[in-house]
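These notes concern the structure reproduced below.
The values are calculated or read from the model by the stated rules, or taken from the named source; none is laboratory data. Computed from a predicted model, the values in this text were never measured in an experiment. Neighbour counts are summed over all protein chains in view; Cβ atoms, including those assigned to glycine, are modelled from backbone coordinates with ideal geometry. These accessible areas exclude ligands, DNA and RNA; they are computed on the full protein's heavy atoms, side chains included. Shrake-Rupley method; radii C 1.70, N 1.55, O 1.52, S 1.80 Å.
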Amino acid sequence: MPCTCGSLSPTRCLCTIDEALRNIDVDLCSTIPLSSAQTDALKSTEDALRRCNATFRAANDYNRRVLVYFRLIPIIDRLYTLTSVEGADAFDGLAECLLHQRIWDSAIEAAQSVLKTREEPRFGGAGVGTAYDRGKSRKAMAKALEGQGKLLDARVVRLRGKETDTLVCAYAECAVHLLLLRLLSDIGLDKAQGALQGARSTG
């Protein structure tokens, strides 16, 4: 039986999920259409994994969240495809975890998978989702690039939303004005404008 993670401790959650996965007679690598029973079983396990993810999110346990996504993404692929909205959401969550772990290369790969779905067609994406979702995904990619010290590349990614006013992070000028690296991401618009004003007045 798929786990009901709301009643399980974090230490038991993944063990119960793994048991549920072993009991599902589905080849996750196959392209053969799923039966109704297989679809129901995978969706039940998908729901259980999402509840596990919520449990680990509340505990700020990024290591276990990564393990959840490694189990969830193949199921998402089998049910919806990786370029679906569900696939983009899963890779978005994985990118968030990898950014917190400072695993920049893998975070970039996850963010690229998200942008294949969410990014505008002129930038190589499918244009699925809202403008905010696209801006959020660009921000994740830019943060990973900044983690590697590639500030110019990060700025290019952020500025994709400038024409349509969909910049989630205010640091469109991050490669023009010298700012502390720790201020380049996760900062509010008011604070960003204040930091830029300070940079200009002292520059």
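Once you order the gyration tensor axes a ≥ b ≥ c over the Cα atoms, which shape class does the stretch 43-157 get: rounded for a/c under 1.5, otherwise prolate or oblate by comparing a/b with b/c? Kindly include the intermediate steps, with their values, before the conclusion.
Values: a/c = 2.30, a/b = 1.28, b/c = 1.80.
It is oblate, given that a/c is not under 1.5 and a/b is not larger than b/c.
Once fully extended, how much extra length lies between Gln101 and Ser35, figured as 0.36 nm per residue of separation less the alpha-carbon to alpha-carbon distance? Could the numbers behind the result be given before it?
Numbers: separation 66, 0.36 × 66 = 23.76 nm, distance 3.82 nm.
Full extension of this stretch gives 19.9 nm more.
Working with all protein chains in place, sort Lys139, Lys162 by solvent-accessible area computed with a 1.4 Å probe, largest first.
Details: Lys139 40, Lys162 135 Å².
I get Lys162, Lys139, largest accessible area first.
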Next on the checklist: If you scale each eigenvalue of the Cα gyration tensor by 5 and take the root, what three semi-axes come out for the stretch 11-65, rounded to whole angstrom and sorted largest first?
Outcome noted: 25, 11, 10
Next on the checklist: Please list Phe91, Phe56 from largest to smallest accessible area, probe radius 1.4 Å, with all protein chains kept in place.
Outcome noted: Phe91, Phe56
Checklist entry - Using a 1.4 angstrom probe with every protein chain in place, what is the largest-first accessible-area order of Tyr69, Tyr132? => result Tyr132, Tyr69
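Subtract the Cα-Cα distance of Lys43 and Val85 from 0.36 nm times their separation in residues, and report this length gain in nm to one decimal.
Values: separation 42, 0.36 × 42 = 15.12 nm, distance 1.53 nm.
In short, 13.6 nm is gained.
In percent, how large is the relative contact order of the stretch 1-144, given Cα pairs closer than 8 Å and 6 or more residues apart?
It rounds to 17 percent for the stretch 1-144.
If a/c stays under 1.5 just call it rounded; otherwise compare a/b with b/c (prolate if a/b is bigger, oblate if not). Do that for the stretch 104-149, with a ≥ b ≥ c from the square roots of the Cα gyration tensor eigenvalues. Mind dumping the intermediate values first?
Numbers: a/c = 2.40, a/b = 1.89, b/c = 1.27.
It is prolate, given that a/c is not under 1.5 and a/b is the larger ratio.
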Next on the checklist: How large is the accessible surface of Val66 in square angstrom, using a 1.4 angstrom probe and rounding to the nearest 10?
Outcome noted: 10
Item to check | Histogram of C-alpha separations across the stretch 22-107, 10 Å bin width, % | outcome: 17, 48, 28, 7, 0
Item to check | Dipole moment magnitude, nearest 20 debye, the stretch 1-157 about Cα centre, only Lys, Arg, Asp, Glu C-beta charged | outcome: 520
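At 0.36 nm per residue, and after removing the present C-alpha to C-alpha distance, how many nm does the segment from Val156 to Arg22 gain when stretched out fully?
Gain in length upon complete extension: 43.8 nm.
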